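The values are calculated or read from the model by the stated rules, or taken from the named source; none is laboratory data. Values in this document were obtained by computation on a predicted structure and should not be read as measured data. With ideal geometry, Cβ positions are generated from the backbone for all residues, glycine too; neighbour counts draw on all protein chains shown.
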Amino acid sequence: ESSEVFSWKFLHPLWQSPLTIPGGTRQSPINIQWRDSVYDPFLKPLKISYDPTTCLHIWNNGYSFLVEFDDSTDRSIIDGGPLENQYRLKQFHFHWGAMNDWGSEHTVDCKFYPAELHLVHWNAVLYPTFEEAVMEGNGLAVIGVFLKLGACHEGLQTLVDALPAVKHKDTVIEFDVFDPSCLIPSCPDYWTYAGSLTTPPLTESVTWIIKKQPIEVDENQLEAFRMLLFTSDGEEEKRMVDNFRPLQPLMNRTVRSSFQ
Ligand SMILES: NS(=O)(=O)c1ccc(C(=O)NCc2c(F)c(F)c(F)c(F)c2F)cc1
Ligand SMILES: [Zn+2]
């Protein structure tokens with residue numbers, strides 16, 4: 001409409017909140033146009049050291065399922081890459097579609113993957129809590145890994161086997177040993193850019209590190225994600241699918257690559 005001040009079309013069906021935040025200049029996700037990314041020879045290799053015993057539980061938060069970690073010490077951290085400090089692992093989660101043709105949040109040359117893994121870390125060197133880091137431009141670092149249809153992923157299967165126990169929103173199951181590095185592809189290549197959370201509050205606090213190589217998962221494993229529910233026990237069931245945010249404008253940003 002000519003008004004463009006407000007219209008219900010801006011509200012996302014999932015969150016009933018604005019899809020774009022006024023004044024946002026570094027929103028996520030984005031399309032990564034391979035030929036427009038700029039090789040940066042000063043980018044270091046990403047250093048990942050996770051302690052599997054810091055794993056705590058799996059939780060269905062009504063938007064995705066999260067595997068949460070004890071982030072009270074520096075036992076599970078990442079460093080190097082585009083980062084100036086080390087960042088602590090807090091949780092990982094996924095985004096996926098109802099069909100294999102879509103589901104990822106980021107795209108590569110406008111191609112969607114059926115799902116995308118986000119490993120969420122926060123800058124405990126500069127900020128006292130995750131909640132404070134979420135509000136700072138260099139507060140968070142999220143590693144994005146694309147999932148593609150292929151062979152069964154053995155490491156993911158231990159997680160998939162636990163999903164029926166967190167079918168409903170606000171259910172949680174103890175999960176006390178898991179090494180998330182088994183979900184990160186061996187190829188060191190990544191893209192990196194300055195972005196935001198892809199769910200409310202959409203704060204512009206994320207250094208995104210998107211791995212070039214996807215991991216392979218099989219149809220049964222993707223179907224297990226799709227069996228989860230957005231809804232609580234007793235409510236009318238709504239399958240947890242299509243929990244990805246639409247692509248956001250690149251605006252004045254350059255995507256850097258760690259590879260030529
Ligand atoms: N898809 S993603 O971009 O990787 C993403 C990563 C983390 C969160 C998150 O932690 N949300 C809850 C949450 C907040 F959004 C806060 F702002 C805050 F302060 C929290 F403590 C908190 F848990 C949301 C989206
Ligand atoms: Zn995410």
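Condition check ((1) surrounded by 15 or more Cβ atoms within 10 Å (Cβ to Cβ); (2) within 17 Å of Ala224 (Cβ to Cβ)) across all residues:
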| position | (1), (2) |
| --- | --- |
| Asp71 | yes, no |
| Arg75 | yes, no |
| Gly80 | no, no |
| Gln86 | yes, no |
| Ala98 | no, yes |
| Thr107 | yes, no |
| Phe112 | yes, no |
| His118 | yes, no |
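Within region 30-52, does at least one residue satisfy the condition of being more than 16 Å from ligand 2 (Cβ to nearest atom), among the hydroxyl-bearing types (Ser, Thr, Tyr) and crowded, with 22+ Cβ neighbours inside 10 Å?
Taking every residue of region 30-52 in turn, none turns out to be more than 16 Å from ligand 2 (Cβ to nearest atom), among the hydroxyl-bearing types (Ser, Thr, Tyr) and crowded, with 22+ Cβ neighbours inside 10 Å.
Which residue out of Pro200, Pro180 is modelled with pLDDT under 95 and more than 24 Å from Trp34 (Cβ to Cβ)?
Details: Pro180 fails: modelled with pLDDT under 95.
Step by step, each of Pro200, Pro180 is checked, and only Pro200 is modelled with pLDDT under 95 and more than 24 Å from Trp34 (Cβ to Cβ).
Might you check whether a residue that is over 19 Å from the mean Cα position of the chain (by Cα) and either within 16 Å of ligand 2 (Cβ to nearest atom) or not charged (D, E, K, R) (or both) occurs anywhere in region 83-91? Reasoning before the result, please.
So in region 83-91, the residues over 19 Å from the mean Cα position of the chain (by Cα) come out as 84-85.
Those still in the list that are either within 16 Å of ligand 2 (Cβ to nearest atom) or not charged (D, E, K, R) (or both) too: 85.
Checked against the condition, which is being over 19 Å from the mean Cα position of the chain (by Cα) and either within 16 Å of ligand 2 (Cβ to nearest atom) or not charged (D, E, K, R) (or both), region 83-91 yields at least one hit.
Pairs, please: C-beta under 9 Å, at least 6 apart or cross-chain, first residue within 18 Å of Phe146 (Cα to Cα) and without any contact (Cβ under 8 Å) to a residue 60 or more places away in the chain and in region 187-210, second among the small types (Gly, Ala, Ser) and within 16 Å of ligand 2 (Cβ to nearest atom)?
Close Cβ pairs (under 9 Å, with a partner that is among the small types (Gly, Ala, Ser) and within 16 Å of ligand 2 (Cβ to nearest atom)) do not exist here.
Take region 193-220 and flag every residue that is part of a loop (DSSP other than H, G, I, E, B) and polar (S, T, N, Q). I'd like the intermediate steps shown before the answer.
Going through region 193-220, the residues part of a loop (DSSP other than H, G, I, E, B) turn out to be 196-205, 212-214, 218.
Across region 193-220, the qualifying residues are Ser196, Thr198, Thr199, Thr203, Ser205, Gln213.
Taking only region 66-108 into account, find how many residues are assigned to a strand (DSSP E or B), farther than 24 Å from Thr53 by Cβ and within 16 Å of ligand 1 (Cβ to nearest atom).
Residues of region 66-108 assigned to a strand (DSSP E or B): 66-69, 77-80, 87-96, 107-108.
Checking which are farther than 24 Å from Thr53 by Cβ leaves us with 95-96, 107-108.
Applying the additional criterion that residues be within 16 Å of ligand 1 (Cβ to nearest atom) yields 95-96, 107.
The total comes to 3.
Report, by residue number, each residue of region 165-183 that is within 15 Å of ligand 1 (Cβ to nearest atom), part of a loop (DSSP other than H, G, I, E, B) and surrounded by 18 or more Cβ atoms within 10 Å (Cβ to Cβ). Give the steps one after another, and end with the answer.
Step one: filter region 165-183 for residues within 15 Å of ligand 1 (Cβ to nearest atom), giving 169-170, 172, 180, 183.
Okay, now just the ones that are also part of a loop (DSSP other than H, G, I, E, B), so 169-170.
Selection gives Lys169 alone.
Would you say Asp189 is modelled with pLDDT under 95 and either within 15 Å of ligand 1 (Cβ to nearest atom) or not aliphatic (A, V, I, L, M) (or both)? Walk me through how you get there before you give the answer.
Working: modelled with pLDDT under 95: no; either within 15 Å of ligand 1 (Cβ to nearest atom) or not aliphatic (A, V, I, L, M) (or both): yes.
So Asp189 fails the test.
Across region 221-260, what is the total count of residues that are loosely packed, with under 15 Cβ neighbours inside 10 Å and either in a loop (DSSP other than H, G, I, E, B) or not acidic (Asp, Glu) (or both)?
The first filter runs over region 221-260 and keeps only residues loosely packed, with under 15 Cβ neighbours inside 10 Å, leaving 223, 227, 232-239, 246, 249, 251-254, 259-260.
When the remaining residues are screened for being either in a loop (DSSP other than H, G, I, E, B) or not acidic (Asp, Glu) (or both), the result is 227, 232-239, 246, 249, 251-254, 259-260.
Final tally of qualifying residues: 17.
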